[in-house]
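Q: Here it is, the structure, as structure tokens.
The values are calculated or read from the model by the stated rules, or taken from the named source; none is laboratory data. This is a predicted model, so every value here is computed, not measured. As a convention, Cβ positions derive from the backbone with ideal geometry for all residues, glycine included, and neighbour counts pool all protein chains shown.
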Amino acid sequence: MTGTSAENGSDTPTGTPSVAVVGAGAVGLTAAVDLARWGLDVTVFDRSGVAAGATGSAAGIVYDAYAEDVDAALATRAIERFREFSAETAPVGAPETGPGTGATTTFQFTDCPYVIVARAGDEQTAEAVEASADRMRHHGLDVSVVGPTTLGERFPIQTADVAVAAVAENAGWCDPESYARLLAGRADAVGVDLQPTTAVGLSREPRGVTVGRVSRRFDAVLVAAGAHTGRLCARADIPLALKPYRVQALTSLGAYDGPMLYDATAGFYCRPHPTGLLGGDGTEPVEADPDDWDEAADDWFRNDLRTGLTHRLDYRPRVERSWAGLCTATPDGDPLLGEVAPGIFVAAGWQGHGFMRAPAHGERIAAQIAESLGRPVEGVTAGVESFDPTRFAGDEEFRIVEGITVE
Ligand SMILES: Cc1cc2nc3c(=O)[nH]c(=O)nc-3n(C[C@H](O)[C@H](O)[C@H](O)COP(=O)(O)OP(=O)(O)OC[C@H]3O[C@@H](n4cnc5c(N)ncnc54)[C@H](O)[C@@H]3O)c2cc1C
């Protein structure tokens with residue numbers, strides 16, 4: 001016979017600590033699957049379905065090319081996990097129903113080098129590319145610095161005005177939504193209760209979530225609610241230094257079989273895509289309202305990208321689809337990952353890089369939660385010290401700075 005919340009302060013059977021995860025994006029689902037694999041009782045809530053937030057809008061560019069050692073280690077671990085998951089099949093569910101409708105999806109990670117280009121005349125960026133590549137190599141990453149001739153010999157890139165480029169070999173692309181769907185299938189398999197059409201609020205006392213007027217108690221709550229994370233926490237009197245902002249992307253018809261590319265001077269990126277090419281950036285560095293923002297891409301973004309792609313790749317896009325999505329910024333550009341109040345954890349503030357490190361961030365925060373509940377996990381570091389969300393009071397004034405940059 002098992003007891004429930006009334007006796008134990010948790011809505012789940014006795015003995016097993018319970019965790020609520022708010023958000024069925026790449027981060028929340030990764031954490032949920034890991035927590036359940038380690039024996040915890042996990043419920044995932046999403047108001048709009050699997051991958052309904054930024055994960056479903058992401059470009060799916062993945063690389064380990066980070067100049068900071070912590071980021072590089074997390075990105076390396078994330079790629080390792082993406083490769084482990086690659087070619088796995090999982091049940092698919094419509095966003096409304098979650099897994100279990102009989103159909104399946106396959107997640108595929110496609111290896112592809114990532115090239116960062118700086119233009120002649122833009123010395124600051126060229127120096128930053130070289131310096132950050134040096135630091136990446138220092139962390140053991142497979143990154144080389146090449147001039148225009150070598151670059152042009154290897155890749156179909158227009159190099160006449162290239163000053164310098166960095167080429168990161170441990171990189172690739174994938175469809176982020178299929179990652180989330182794979183993880184939703186895995187979640188189902190390891191006993192996670194996935195509630196994909198349930199908007200929740202956060203409750204500190206009693207600890208847990210609220211569904212409408214009903215409180216549900218949990219031993220720990222992970223808020224991985226993307227652009228809504230700040231608002232959700234603020235309503236529970238937990239201020240976070242976190243601002244949502246718009247970024248944009250498009251897919252284009254017309255084959256592209258070059259590398260993944262980031263033109264650091266022009267500020268756009270692209271990669272191969274099943275329809276031809278996927279390109280993006282279009283950062284709008286102003287705070288967006290996560291409940292009232294424009295999901296359509298802007299003309300200026302499409303025009304700028306057209307100019308950039310034509311110039312750099314001699315590629316004239318024929319836009320198939322374009323869209324905007326929300327990313328989250330923090331005062332120092334590092335994520336907020338950890339405990340913000342007793343038993344309440346957050347995972348947000350990815351500055352446009354949240355998908356590519358989700359398998360690692362999700363794993364680290366899951367290990368931190370498990371440890372806090374008396375279930376330490378051998379072989380997995382709990383949390384990331386420098387991402388502790390309490391390093392900010394939450395009321396800091398700060399400017400939104402574009403996430404994809406070279407420093
Ligand atoms: C156009 C675009 C391109 C991008 N390209 C890349 C890229 O190439 N590489 C990369 O690494 N990153 C990229 N990003 C960033 C990346 O998408 C995000 O950092 C990452 O997906 C965040 O995942 P998440 O799980 O933290 O949040 P999300 O995917 O946003 O998930 C949060 C979930 O929480 C749910 N939610 C919110 N409020 C509630 C509530 N009250 N109750 C229940 N559920 C709630 C939402 O419905 C949502 O499903 C891109 C983003 C955009 C917009």
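Q: Taking the criterion of being surrounded by 15 or more Cβ atoms within 10 Å (Cβ to Cβ) and touching a helix residue (DSSP H, G or I) at 6+ places or on another chain (Cβ under 8 Å), would at least one residue in the range 292-306 satisfy it?
A: If we filter the range 292-306 for residues that are surrounded by 15 or more Cβ atoms within 10 Å (Cβ to Cβ), which is where we start, we get 293, 297-298, 301-302, 304-306.
Narrowing further to those that are touching a helix residue (DSSP H, G or I) at 6+ places or on another chain (Cβ under 8 Å): none.
No - not one qualifying residue is present in the range 292-306.
Q: Within the range 253-288, count every residue that is in a strand (DSSP E or B), among the small types (Gly, Ala, Ser) and closer than 22 Å to residue 119 by Cβ.
A: Start the filter on the range 253-288 by keeping residues that are in a strand (DSSP E or B), which leaves 253, 260-263, 268-273, 276-284.
Filter again for among the small types (Gly, Ala, Ser), leaving 276, 279-280, 282.
Those left that are additionally closer than 22 Å to residue 119 by Cβ: 279-280, 282.
Looking only at that region, the number is 3.
Q: Right, another one. It is to be established whether one or more residues within the range 130-143 are outside any helix (DSSP H, G or I), surrounded by fewer than 20 Cβ atoms within 10 Å (Cβ to Cβ), in contact with a strand residue (DSSP E or B) (Cβ under 8 Å, 6 or more places away or on another chain) and at negative phi. Break it down stepwise before answering.
A: Residues of the range 130-143 that are outside any helix (DSSP H, G or I), as a first pass: 139-143.
Within this subset, residues satisfying the condition of being surrounded by fewer than 20 Cβ atoms within 10 Å (Cβ to Cβ) are 139-140, 142.
Those left that are additionally in contact with a strand residue (DSSP E or B) (Cβ under 8 Å, 6 or more places away or on another chain): 142.
After this cut, where a residue has to be at negative phi as well, the list is 142.
Yes, the conditions are met somewhere in the range 130-143.
Q: Which of the following residues is of a type in the set (Ser, Thr, Tyr), modelled with pLDDT of 95 or more and either within 16 Å of the ligand (Cβ to nearest atom) or over 29 Å from residue 72 (Cα atoms) (or both): 178, 203, 144?
A: Values: 178 fails: modelled with pLDDT of 95 or more; 144 fails: either within 16 Å of the ligand (Cβ to nearest atom) or over 29 Å from residue 72 (Cα atoms) (or both).
Answer to the check: 203.
Q: Cβ-Cβ under 8 Å, sequence separation 6+ or interchain: first residue in the range 181-201 and over 13 Å from residue 49 (Cβ atoms), partner within 10 Å of the ligand (Cβ to nearest atom) and charged (D, E, K, R). Which pairs?
A: If the second residue must be within 10 Å of the ligand (Cβ to nearest atom) and charged (D, E, K, R), the pairs left are 200/47; 201/235.
Q: Okay, moving on. Quick one: is residue 15 free of Cβ contacts under 8 Å to residues at least 24 places away in the same chain and in the same structural domain as residue 215 (by TED's automatic domain parsing)? Steps first, answer last, please.
A: On the way: free of Cβ contacts under 8 Å to residues at least 24 places away in the same chain: yes; in the same structural domain as residue 215 (by TED's automatic domain parsing): yes.
When the stated conditions are applied, residue 15 passes them.
Q: Among the listed residues 325, 362, identify the single one that is surrounded by 21 or more Cβ atoms within 10 Å (Cβ to Cβ), touching a strand residue (DSSP E or B) at 6+ places or on another chain (Cβ under 8 Å) and not assigned by TED's automatic domain parsing to the domain that holds residue 233.
A: Answer to the check: 325.
For (1) crowded, with 17+ Cβ neighbours inside 10 Å; (2) within 24 Å of residue 371 (Cβ to Cβ); (3) within 14 Å of the ligand (Cβ to nearest atom), each residue gets a yes or a no:
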residue: 174; (1), (2), (3): yes, no, yes
residue: 196; (1), (2), (3): yes, no, yes
residue: 225; (1), (2), (3): yes, yes, yes
residue: 241; (1), (2), (3): yes, no, no
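Q: Tally time: how many residues in the range 361-386 are within 13 Å of the ligand (Cβ to nearest atom) and either free of Cβ contacts under 8 Å to residues at least 24 places away in the same chain or closer than 24 Å to residue 283 by Cβ (or both)?
A: So the count comes out to 1.
Q: Mind listing whichever residues of the range 209-219 are under 24 Å from residue 54 (Cα atoms) and either in contact (Cβ under 8 Å) with a residue 12 or more places away in the chain or surrounded by 24 or more Cβ atoms within 10 Å (Cβ to Cβ) (or both)?
A: Here is the first cut: in the range 209-219, the ones under 24 Å from residue 54 (Cα atoms) are 209-211.
Scanning the range 209-219 gives 209, 211.
Q: Just give me the residues in the range 284-307 being touching a Gly at 6+ places or on another chain (Cβ under 8 Å), touching a residue at least 40 places away in the same chain (Cβ under 8 Å) and farther than 20 Å from residue 52 by Cα, in sequence order.
A: 298, 301, 305
Q: State whether one or more residues within the range 191-211 are of a type in the set (D, E, K, R) and in a strand (DSSP E or B).
A: Initially, the range 191-211 is screened for residues of a type in the set (D, E, K, R), giving 193, 204-205, 207.
With in a strand (DSSP E or B) added as a condition, the list becomes 193.
Yes, because at least one residue in the range 191-211 is of a type in the set (D, E, K, R) and in a strand (DSSP E or B).
Q: Quick one: what pairs do we get from the range 24-43, first residue more than 17 Å from residue 219 (Cβ to Cβ), second among the aromatic types (Phe, Trp, Tyr) and buried (at least 24 other Cβ atoms within 10 Å of the Cβ), C-beta under 6 Å, 6+ apart or different chains?
A: So the pair list comes out as 26/179; 26/355.
Q: Step by step: first the residues of the range 367-407, then only those that are at pLDDT below 95, out of contact with any helix residue (DSSP H, G or I) (no Cβ under 7 Å at 6 or more places or on another chain) and buried (at least 18 other Cβ atoms within 10 Å of the Cβ), then the one that is farthest from residue 73 (Cα to Cα). Which residue is that?
A: The extreme case among them is 400.
Q: Can you find even one residue in the range 323-342 that is within 21 Å of residue 33 (Cα to Cα), touching a residue at least 60 places away in the same chain (Cβ under 8 Å) and part of a helix (DSSP H, G or I)?
A: no
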